[in-house]
Structure formats: C-alpha cells, structure tokens
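Worksheet: the structure to be examined is printed underneath.
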Amino acid sequence: MKWVVRWWMSHRRNNRRLVRSVDARRQWRWKWALFVLLSVGFGVGWPLLTGYAAHHPYFTVQEVLVDENGGFSQDDLLEWGGLTIGMSMWDVDSEQVAQRLLSHSWLRSAHVHRDFPQRVRLAVSARRPVAIVLHEGLRYLDESGTCFLRPERSPVVDLPYVSGFAGASLETPPARVALDGVLRLLSLSHLWREPLSEISWDARFGYSLFLEGRRVTIHLGWETTPEKFTQIGKVLAEWTADAPAAVLDARFADQIIVRPYAVESGARGRTLSRPL
C-alpha cells in the first residue's frame, strides 16, 4: 500500500512539472509574439509619425531670438545661417547652422539652440577690430591676432593702419610673429596718450610708428618693451606739436636720436596711408 501511495505522489509531481513547463513555453511564445508585433508596428508607424511631425505647421520656426554684440541685423544673421521663418524645426541642424555662421570670418563664435516647438536661439559673438591691415584691400586685425574681412554693410571704424604686408601671406610664421608685435605696440602706445596713425613693418628694419597728431616718424626696430616706450614718451613731451617734422630713431640702446625729417640719411619721398 505504501508503495502505491509513493508511486501516485511521484506521478502527480511529474504531471505538475510537465504542466508548468508547458505553461512557461506558452508564456514565452506569447511574449515573443508581442515583441515581434510591437517591433513591426514601431518600424512601420515611426516613419509615418516623424513624417507627419516634420510637415506639421506646429513644428515650424516662428521666432528667432538673437544675442549678438556686433551690431548685425537679425535678417543678416538669418541669411548667413540659412534660417527662414516658417521652415521646419526638424530641418534646423544646430551644428550646421553654427558652421555656416562661422564661415564668415568676422564672427568669432556662434551657438545655436532649438527650443521646440517653434523657437530658435542664436548667440553670436563678433570679432573686435583693433587695427586695419593694408593687404589686398583692407583687412581687420582683432585682439587675438586674427585677420578678417568686415561685411560691406558694417559701419566704418577709425583705427590705426598697419602697412608692410602687401603681397605677403598673412599666415606665414614671420607674418604671424610680426602681427603679434603689432598687438604689443598697440597696447604700449597708450603710454603716450597719443593715438597712432600707422604702424609700418619691414622684414629687415622692424617697426616704424606714425602718430595721428604729430609730424614725427619713430623708427622703433624690433624692440617692443615698456622701457623703450617710456624713453620715447619723454622725448615726445619735449618735442612739441608745433615743432618741425622729425625722425625719432629709437633703435639704439638707452638713447633716442632726433633729427629733422628733411636731412634723414637716405630719405626719399614716401607715400603713407596717412602722410606726415
């Protein structure tokens, strides 16, 4: 009798395991079928959904907010960035718009942000010119030493000229070093409290400076130190504005040689962008 009971209990346990196994397989098949169905539905429905959203008027550019410091109009920035009111927000690629803006050399930085559903934000920083380089027309020099063109509609600014680079590439190492020296000269010239008219660069003799309100030519050479500018400032304080035109030769150590312009050794007629 005990043997019969044991056999019956064992058979019952085996039946339970079989039922559970069959139920587990059925559940797994239903889950797999549901997954396949959802995947197919997503693959078919997603393109339809995105296509519908891409052409829906709710997702179109209705407003462009501009933060800029160069005085450019919003119409100019929209044109440079390839943006138009009414275009689909999905067609606005922030990185591509920023690259199109930065292709204009007068812009230093550009950031573009899509603010769904209908707004685009532009943050643009313009280069600040500190001098005008005479090179195949007029190019501007900013405080980082970058030369760039200005848009035709931009206002004319009164800045010192930089000559001596006509016909030369501005990207060669000697030219880059020379332009870095121009930036140092511009910063040190404030020690004189007199505006510069022109900085002339020569690969053999260095820099020569011309003041806006003085009839003097300053041969500086390659020395661009505060001490040298202090020495020149003392001479300028003694050489009054109504004094004859003169040359201040500062290429020597601890001395400034002053001589009338007419008797300068080897002097010839020289055409300046701003003549003496």
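The values are calculated or read from the model by the stated rules, or taken from the named source; none is laboratory data. Please read all numbers here as calculations on a predicted model, not as lab measurements. Note that each Cβ is placed from the backbone with ideal geometry, even for glycine, and that neighbours are counted across all protein chains shown.
What to note about this one:
- For segment 220-238, the set of residues classified as within 16 Å of L183 (Cβ to Cβ) and among the hydrophobic types (A, V, I, L, M, F, W, C) consists of L220, W222, F229, listed by residue number.
- Selected residue (criterion: farthest from L188 (Cα to Cα)) from residues of segment 130-166 that are at pLDDT below 90 and of a type in the set (D, E): E152
- Test result for E227, modelled with pLDDT under 90, surrounded by fewer than 17 Cβ atoms within 10 Å (Cβ to Cβ) and either basic (K, R) or in the same structural domain as A166 (by TED's automatic domain parsing) (or both): no
- When each of I218, I232 is tested for being crowded, with 17+ Cβ neighbours inside 10 Å, over 20 Å from the mean Cα position of the chain (by Cα) and in a strand (DSSP E or B), the lone residue that passes is I218.
- Qualifying residue in segment 148-159 (condition: aromatic (F, W, Y) and more than 18 Å from the chain's Cα centre (by Cα)): no
- Residue ID - farthest from D158 (Cα to Cα), chosen from residues in segment 108-129 that are modelled with pLDDT under 95 and surrounded by 19 or more Cβ atoms within 10 Å (Cβ to Cβ): A126
- Filter result for E79 (within 16 Å of the chain's Cα centre (by Cα) and more than 30 Å from L186 (Cα to Cα)): no
- Segment 187-200 - residue that is at pLDDT below 95 and outside any loop (DSSP other than H, G, I, E, B) and, of those, farthest from G70 (Cα to Cα): L191
- Filter result for R274 (charged (D, E, K, R), in the same structural domain as L159 (by TED's automatic domain parsing) and either at pLDDT 80 or above or within 35 Å of the chain's Cα centre (by Cα) (or both)): no
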